[in-house]
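Contents: one structure, followed by commentary.
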Amino acid sequence: MRVKRLAILLSGRGSNFEAIASNIRSGRLDAEIAVVVSNRPDARGLETARELGITAVSLPSKGVSREEYDTLLADEVERHTADLVCLAGFMRLLSPHFVRRFPLRILNIHPSLLPSFPGLDAQHQAVEHGVKVSGCTVHFVDEYLDAGPIVGQAAVPVLDGDDADTLSARILAEEHRIYSEAIRLILGGEWSIEGRRVVAGRSTGLDSA
Ligand code: GRF
């Protein structure tokens, strides 16, 4: 069986990308990272990719229309024959045009228990709202913001003394764990979608040949 290829899209620090790369290295995740693409040339994640010997592509989005950018981005992903596109801190909303080119082949990780607190600063939103539990969500990307079918979630407590930073750190540790687990499930192909529900172990999503 051919090793499945990931395209990672990021805009900044890239700690989720690093966790995925580390799980691949240690054999916990059977996949390879075909390319890391950033819309920000100064993203630390790009630097890390280069250090790890992974193909790193800077595709600046500044001054490019959304449609044009998404075509360039989709072409780049296709050039590297990626089976799955993983958004890992990619700070751009993808157009329906992009999403339609990779149906059920794009995952995102979001630092809240969706559908609570979509959008920016989810951890800050959670602290401000006063929830007692928050967490993170890996979901398929559709054309709406943080809205596609949920693949995996993990919960963490929100403590009385938390601010957005302390809560973010607690959530991030879970992000690093569940993103690789979700990728493993989806690449394994043993799942189906029933309505909005991603159901593990029933039939084949991705071709696992
Ligand atoms: C993470 O909190 C992720 O959930 C959100 O953006 C952040 C990216 O962090 N989408 P990193 O670049 O992976 O360190």
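The values are calculated or read from the model by the stated rules, or taken from the named source; none is laboratory data. As the structure is a prediction and not an experimental result, all values here were calculated from the model. Methodologically, a virtual Cβ is constructed for each residue, glycine included, from the backbone with ideal geometry; neighbour enumeration extends over all protein chains shown. Surface accessibility is based on the protein's heavy atoms, side chains included, excluding ligands, DNA and RNA. Shrake-Rupley method; radii C 1.70, N 1.55, O 1.52, S 1.80 Å.
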Once you mark the trypsin sites (Lys or Arg not before Pro) that are in a DSSP loop and have at most 12 other Cβ atoms within 10 Å, what is the longest gap between them in the chain?
63-131
Relative contact order (%) - the chain, alpha-carbon pairs under 8 angstrom, separation at least six
18 percent
Along each of the three principal axes of the Cα atoms of the chain, give the extent in whole Å, ordering the values from largest to smallest.
48, 44, 35
In Hz, Karplus ³J(HN,Hα) per residue of region 30-41 (6.51, -1.76, 1.60; θ = phi - 60°; x = Gly, Pro)
8, 6, 9, 8, 6, 6, 10, 10, 10, 7, 10, x
DSSP beta bridges in region 31-152, what fraction antiparallel, as a percent rounded to 5?
50 percent
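Calculate the dipole size of the chain relative to its Cα centre from +1 charges on Lys and Arg beta carbons and -1 charges on Asp and Glu beta carbons; express the result in debye to the nearest 20. It would help to have the intermediate numbers written out before the result.
Working: 23 positive and 28 negative charges, 102 e Å.
Once rounded to the nearest 20, the dipole reads 500 debye.
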Using modelled amide H (1.01 Å from N, peptide plane; none on Pro or chain starts), what sits under 5 Å from the amide H of Val151, excluding residues fewer than 5 places away?
Val138, His139, Phe140
Pairwise label distance in nanometres, His124 with Leu145, each label 7 Å out on the Cα-Cβ vector:
1.3 nm
Percent of beta bridges antiparallel (DSSP, the chain, rounded to nearest 5):
50 percent
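What does the accessible area per residue of region 90-147 come to in Å², with a 1.4 Å probe and no ligands, DNA or RNA counted? Mind dumping the intermediate values first?
Details: 2780 Å² over 58 residues.
Computed with neighbouring chains in place, this is 48 Å² per residue.
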Could you list the residues of region 1-19 with an amide nitrogen less than 14 Å from a label point located 7 Å from the Cα of Glu32 in the Cα-to-C-beta direction?
1-7
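For region 1-102, what is Rg from Cα atoms divided by 2.2 N^0.38 Å, rounded to two decimals?
1.02
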Please identify the DSSP H helices in the chain that span no less than 20 Å along the helix axis (Cα) and have a mean Kyte-Doolittle hydropathy of 0.0 or more.
164-188
Bin width 5 Å, alpha-carbon pairs only: give the P(r) of region 108-209 as whole percents, running from 0 to the bin holding the largest distance.
2, 14, 23, 21, 17, 11, 7, 4, 1, 0
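Pop out the carbon and sulfur fraction of the accessible area of the chain as a percent, whole number, probe 1.4 Å.
The value for the chain is 51 percent carbon and sulfur by accessible area.
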Could you check the spin-label model distance between Arg184 and Arg25? Points 7 Å from the Cα along Cα→Cβ, value in nm.
1.8 nm
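Enumerate by residue number the chymotrypsin sites (Phe, Trp or Tyr not before Pro) in region 106-206 meeting two conditions: DSSP loop (anything except H, G, I, E, B), and at most 14 other Cβ atoms within 10 Å of the site's Cβ. Display every interim value, and only then the final one.
Numbers: sites: Phe140, Tyr144, Tyr179, Trp191; in loops: Tyr144.
Loop-located and lightly packed - Tyr144.
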